[in-house]
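So the structure is just underneath, and the comments pick up after that.
The values are calculated or read from the model by the stated rules, or taken from the named source; none is laboratory data. These figures come from a predicted structure and were not determined experimentally. As a convention, Cβ positions derive from the backbone with ideal geometry for all residues, glycine included, and neighbour counts pool all protein chains shown. Areas reflect the complete protein model, heavy atoms only, side chains present, ligands, DNA and RNA absent. Shrake-Rupley method; radii C 1.70, N 1.55, O 1.52, S 1.80 Å.
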Amino acid sequence: MREFFRKYKHAWVFLYIVIYLPWFIWLEQRNVTSYHLIYTSLDSKIPFSEYFIVPYLLWFIYVAATLLLFLFTQPKKEFYKLTGYLFIGMSVCLAICTVWPNIQILRPSVDPDKNIFCRLVYMIYSTDTPTNVFPSIHVFASIGVHTGLCRSTYAKKYPVIKYGSAVMMVLIILSTMFLKQHSVLDVMAAIILSSGMYSVVYRTQFGTEGSRLFKRKSRKAVKA
């Protein structure tokens, strides 16, 4: 057991949950007198479809499974890049909602007795408020996970993983709009944020220096 924790000690970054969850819950429960309405005319043209609850809920498995896959099978530097991409970006989303409270009013009335899909949508609506939606964390994290998977050793060996991930990412993004959980503006903001995070983590000197720092630490560990 001790050897297991020593081998995967880089899992310490998952302690981010101690920051994320209380912050998110506080945002959902705080009293705000004025919200900024997120809406575009295109939102009204997108029909509601309860069937998109399937990819929407699969998001949780998609993200969690990819993080565990990177923890146990990918180089540490790639694991750190993926978690840095996700956790920093998610913090930016929460920070925006903290200083700029926002809300959407797109949700239709849903009959939970219609079918199992409507029942699941009804449960989501009942537990998740329509506030703190800009940018969409669902969309941002999906793009981040897909980016990480495309750069993984698995995608290079098995292209089907890359294409399957792309399909899942697109379905999740569509689900946020067809379930009326997010506005088109939320999705666009998440895409812009994702592009910025990709540049910071994978394209700039920040990412390069992070990789070099990791390599130097690895050499010292080997010598020790």
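The figure for Ile53 is an accessible area of roughly 0 square angstrom, using a 1.4 Å probe on the protein chains alone. Axis angle, to the nearest 10 degrees, between helix 159-178 and the longest C-alpha principal axis of the chain: 30 degrees. Heavy-atom accessible area for Leu174, with the other protein chains in place and a 1.4 Å probe, reaches approximately 60 Å².
Dipole orientation for the chain: of the candidates Val187, Met1, Val145, Met1 has the Cα lying most toward the positive pole (charges on Cβ; Lys, Arg +1; Asp, Glu -1). Thr176 sits with roughly 0 Å² accessible to a 1.4 Å probe, with DNA, RNA and ligands left out of the calculation. GNM on the chain, alpha-carbon springs under 10 angstrom: the most fluctuating residue among Trp23, Trp59, Trp12 is Trp12. Remark: the chain carries a charge dipole of roughly 1800 debye about the Cα centre, counting +1 on each Lys and Arg Cβ and -1 on each Asp and Glu Cβ.
Taking the average, over residues, of other Cβ atoms within 10 Å as the packing measure, peptides 141-148, 155-162 rank 141-148, 155-162 from highest down. Of the options Pro55, Leu94, Phe79, report the single residue whose Cα projects farthest towards the positive end of the charge dipole of segment 14-97 (beta-carbon charges: Lys, Arg +1; Asp, Glu -1). Value: Phe79.
Taking θ as phi - 60° and the Karplus parameters 6.51, -1.76 and 1.60, the scalar couplings of segment 41-49 work out to 4, 5, 4, 6, 8, 8, x, 7, 9 Hz in sequence order, x denoting glycine and proline.
For the chain, the solvent-accessible area with a 1.4 angstrom probe is 56 square angstrom per residue. About its Cα centre, the dipole of segment 42-174 is roughly 660 debye, where the only charges are +1 on Lys and Arg Cβ and -1 on Asp and Glu Cβ. Using only Cα atoms, tell me the angle between helix 17-29 and the longest principal axis of the chain; keep it within 0 to 90° and round to the nearest 10. Taking Cα atoms only, the helix is inclined about 10 degrees. Residues whose amide H comes within less than 5 Å of that of Asn102, counting only those at least five positions distant or on another chain, are His36, Asn132, Val133 (H built at 1.01 Å from N in the peptide plane). Compared with the dominant principal axis of the Cα atoms in the chain, helix 76-99 is inclined by about 30°.
Each residue, Cys150 and Ser41, gets one label point 7 Å from its Cα in the Cβ direction; the gap between the two is 3.3 nm. Taking the Cα centre of segment 22-97 as origin and assigning +1 to Lys and Arg Cβ atoms and -1 to Asp and Glu Cβ atoms, the resulting dipole is close to 300 debye.
Which of Glu78, Glu28, Glu50 moves most in a GNM of the chain, Cα contacts under 10 Å? Result for the chain, Cα springs under 10 Å: Glu28 fluctuates most.
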